[in-house]
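Some notes on the structure that comes next.
The values are calculated or read from the model by the stated rules, or taken from the named source; none is laboratory data. Remember, it's a predicted structure, so these values are computed and weren't measured experimentally. As a convention, Cβ positions derive from the backbone with ideal geometry for all residues, glycine included, and neighbour counts pool all protein chains shown.
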Amino acid sequence: MVNTRPSERSQNWEEIINKYQNLIAESPHNPEYHKELGNAFHRSGQFELALEEYRTALHIDHKYYQAQYNMGNTYFVTGAFHQAIIAWQKAFIVNPQLEHAIYNIAFTYYKLGTMEEEPEKRRKLLDDAVLEFKNAIQMRPENTDTHLHLGLTWFELERYEDAIREYQEVLRLDPDDLYAHYNLGNAYYELGETDPTYMEMALSEYRCSIRNNPDDLKSHNNIADCLLRLGKQTEALAEIDKVIQDNPDYIPAHCTRGEILASMNKHDDAIREFRTVVQLDPQEITLVHKYASQKLIERSKTLVWPTRTGRSS
């Protein structure tokens, strides 16, 4: 993240820009002034001007890693992910204690991996993310964000036991971390497809997630889905009805409700629920819409629900 002095955070960016432009006019070879001007441009959304100032700072002092690091941040927000990685790598070479640079590199590989559709490229990017997250953990083992995102990367690689280990480490460091409880639930859910014990564990984690965040729609929806997988349709229906009552436009809940009704042989009600999904999402842009559309096409008395579609990820 771009480093900005606390005293300047509430100031008008135009004033800050003018301030550093005046300082640069007096001392044009001060790399810090150029870096701070770059920060101001970055914060105000003028990313190309920010990059120009960081480059100027590095031209003055090629070892000024703060400018190199912030250049990486600017590249990242503009979508130039590979250039961001290179910038952070250069910053780390100058300052091998810069753990944030390694974390950012790892996160960028993770992001690129989740965006990549070609399987081999996707796996390579996610493997690179794992390696860099592990490096970041060696430097700062108590960083919960790093453990969490390593867990998310393992999850994308379908290494659910490894993901669970990282989420559990997050909870050891911070027992109230909502993201860890939620994602631990997701990992248990995947294992629960073949072992109901894990589905019970997933249910427990989703309930932990909503304990401190009652408005967490994804966890509420997933609780209903877990109950369905455990054969507790009545409880599942009661849970999802509460979600829909408070949030009638939440599409995954309607899809889950349709699955529950189908499992209870209430096929006409299930079809009406899937019609609601289609009405809420007429653009065919989400997985649940495609699923619901297929259910309408089937229109049979043997509505078969898949293993994952209703769950919120």
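Brief remarks on what is shown
- Within the range 203-244, restricting attention to residues that are among the acidic types (Asp, Glu) and farther than 19 Å from Tyr182 by Cα, the residue that is surrounded by the fewest Cβ atoms within 10 Å (Cβ to Cβ) is Asp241.
- Residue match in the range 37-50 (condition: in contact with a His (Cβ under 7 Å, 6 or more places away or on another chain) and surrounded by fewer than 21 Cβ atoms within 10 Å (Cβ to Cβ)): no
- Qualifying residue in the range 158-168 (condition: more than 18 Å from the chain's Cα centre (by Cα), part of a helix (DSSP H, G or I) and crowded, with 18+ Cβ neighbours inside 10 Å): no
- Considering residues of the range 169-186 that are in contact with an Asp or Glu (Cβ under 8 Å, 6 or more places away or on another chain) and buried (at least 16 other Cβ atoms within 10 Å of the Cβ) only, the residue nearest to Cys226 (Cα to Cα): Gly185
- Restricting attention to the range 187-199, the residues that are touching a residue at least 12 places away in the same chain (Cβ under 8 Å) and surrounded by 14 or more Cβ atoms within 10 Å (Cβ to Cβ) add up to 7.
- Residue selection: Ala57 satisfies the criterion of being more than 31 Å from the chain's Cα centre (by Cα), buried (at least 16 other Cβ atoms within 10 Å of the Cβ) and on the phi < 0 side of the Ramachandran plot.
- Given (1) surrounded by 19 or more Cβ atoms within 10 Å (Cβ to Cβ); (2) not assigned by TED's automatic domain parsing to the domain that holds Arg55, index of the condition Pro141 fails: (1)
- Residue count, the range 82-124 (criterion: within 20 Å of Tyr160 (Cβ to Cβ) and either surrounded by fewer than 21 Cβ atoms within 10 Å (Cβ to Cβ) or not assigned by TED's automatic domain parsing to the domain that holds Tyr160 (or both)): 4
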